[in-house]
1. Could you go through segment 155-174 and let me know if any residue there is part of a loop (DSSP other than H, G, I, E, B), at pLDDT 95 or above, among the basic types (Lys, Arg) and surrounded by 14 or more Cβ atoms within 10 Å (Cβ to Cβ).
2. Give the residues of segment 115-140 that are under 26 Å from Gly167 (Cα atoms) and either at pLDDT 95 or above or not assigned by the TED database to the domain that holds Gly57 (or both), sorted by residue number.
3. If we only count helices (runs of 4 or more DSSP H) wholly inside segment 1-114, which ones have 3 or more residues that are at pLDDT below 60 and surrounded by 12 or more Cβ atoms within 10 Å (Cβ to Cβ)?
4. Find all pairs meeting these conditions: Cβ atoms under 6 angstrom apart; at least six residues apart or on different chains; first residue within segment 132-149 and buried (at least 22 other Cβ atoms within 10 Å of the Cβ); second residue at pLDDT below 65.
Amino acid sequence: MKTIKELIPIGVRADLKASWHRATWSSRGYAVPAPTRVKKAVLSRYGNLTGTWVESGTYLGKTTLFLARTAKHVFTIEPSPYLASRAKNKLRSKKNIDVIEGTSENVMPALLETISGDVSFWLDGHTSGGITFLGEQATPIREELAAIAARLHTWDSVAVFVDDFRGFGELRSGEGAYPSRSFLVDWAESVSLKWTIEHDIFVAWR
């Protein structure tokens, strides 16, 4: 005998789940973090969904799968051997996804030399506790943005998304800490990108 959950169509279940998340978010006064669907809407609004995407911080691969629905290709970088192995197993049937095990500061410079056309970046490789990776730095954002800046002139449209904007200038102290929020703004302006902040995501694009 099927359970009540199994009797409800998958699409209806997804809509009910999204409605519940929206209601919960509303009850929190729309405080950050926003529901995943809201973050995906930000990616859709500013990014090129049919171009190439580079993601740092694969984690469970949910955003990777979302991007791969329409993207030409998704390169997702995961420094945790455990999470990278899980992601490779989960995403192995998707021909337009490459899961790369390694730190983004080591992987991105060479990877970006192979990419052309319209490129979007989802930078979420900073540690957030639990099973997420923590290396010598809490976030590789400085090295990631430096690698992007070095190749920016070679691409057509570009969008850069940095998650957890609220943590910049707040999380950890000393060497390897999150840079200030103004660091992100200064970087965007130094490479002539427009920028905004939506739902705890810093967005820079052209």
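The values are calculated or read from the model by the stated rules, or taken from the named source; none is laboratory data. Not measured: the values here are computed from a predicted model. Reconstructed Cβ throughout: ideal geometry from the backbone, glycine too, with neighbour counts over all protein chains shown.
1. Within segment 155-174, not a single residue is part of a loop (DSSP other than H, G, I, E, B), at pLDDT 95 or above, among the basic types (Lys, Arg) and surrounded by 14 or more Cβ atoms within 10 Å (Cβ to Cβ).
2. Filtering segment 115-140 down to residues under 26 Å from Gly167 (Cα atoms) leaves 119-140.
Scanning segment 115-140 gives Val119, Ser120, Phe121, Trp122, Leu123.
3. On the way: elements: 4-7, 10-27, 36-46, 62-68, 81-91, 104-112.
Correct list: 10-27.
4. Cβ pairs passing all conditions: Thr139/His126.
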